[in-house]
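This report concerns only the one structure given below.
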Amino acid sequence: MDLEVIKLSIRDVPDFPSKGILFKDLTTVFKSGEQLKELTNILYEHYKGKGLTKIVGIESRGFIMGPILAEKLGIGFVPVRKKGKLPADTIEESYEKEYGIDTIQIHTDALTENDVVLLHDDLLATGGTMKAAENLVKKFNVKKIYINFLVELDFLEGRKLFGEEIEVDSIIHF
Ligand SMILES: O=P(O)(O)OC[C@H]1O[C@H](OP(=O)(O)OP(=O)(O)O)[C@H](O)[C@@H]1O
Ligand SMILES: Nc1ncnc2[nH]cnc12
């Protein structure tokens, strides 16, 4: 399937969740079995040889493709959640994103220094969310970190927040 088909099916919602934001809605992609399979296969082919041991997905839209890919790769899935949702001991980071501020948490026993981690979310805007998640994962001294988005808003230059040593990959660019 041509990636342009997937790109064209992403729905633009003006002024959501606040005035001036053009929201990229991927529910229109996820509801198509064909498009979901295509995205899964692209991710699988890209990451299958990288020795990943865990996928860390960011609440809530990183919880859609993250576990699908983890299952296909035969590895585990770890949730990063908004503050107050994880039940056991956590560490946390606060951050600014395109439309507000927030705090995310991860369980203190979620990763070990033997892990090779793929951090996954649906969309890169300003990068505040993913930078905070990267900071959390770095605290575990894992072997290597990869970062993946389904969609990247190039004009917001969120990618600049990440060092040269980290591979940041997005499937679709606006
Ligand atoms: O690059 P940034 O400017 O930080 O923005 C990107 C983040 O914003 C969205 O999540 P949101 O916080 O809206 O939460 P949700 O997934 O629960 O809807 C998106 O899924 C990313 O996590
Ligand atoms: N413009 C946007 N569309 C969808 N999700 C977002 N998260 C941050 N900015 C966004």
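The values are calculated or read from the model by the stated rules, or taken from the named source; none is laboratory data. Computed from a predicted model, the values in this text were never measured in an experiment. Positions of Cβ are backbone-derived with ideal geometry, glycine not excepted, and every protein chain shown enters the neighbour counts. Just so you know, the surface numbers come from the protein's heavy atoms only, side chains and all, with ligands and any DNA or RNA stripped out. Shrake-Rupley method; radii C 1.70, N 1.55, O 1.52, S 1.80 Å.
Quick notes on this one:
- Taking a straight Cα-Cα cut-off under 18 Å and skipping sequence neighbours fewer than 8 places away in the same chain, the aspartates and glutamates within cross-link reach of K19 are E96, E98.
- Per-residue packing, averaged as other Cβ atoms within 10 Å, sorts the ranges 109-119, 129-139, 95-105 into the order 129-139, 109-119, 95-105, beginning with the highest.
- The calculated 222 nm mean residue ellipticity attributable to helices in the chain amounts to -8000 deg cm²/dmol, summing -39500 (n - 2.57) over DSSP H runs of n ≥ 4 and dividing by all residues.
- The chain: C-alpha pair distances exceeding 20 Å, %: 51
- Legend: distances between Cα atoms for K138/K160; K24/K83; K7/K138; K31/K143; pairs beyond 29 Å are K7/K138; K31/K143.
- Where the stretch 50-173 is the region considered: accessible area per residue in Å², 1.4 Å probe: 45
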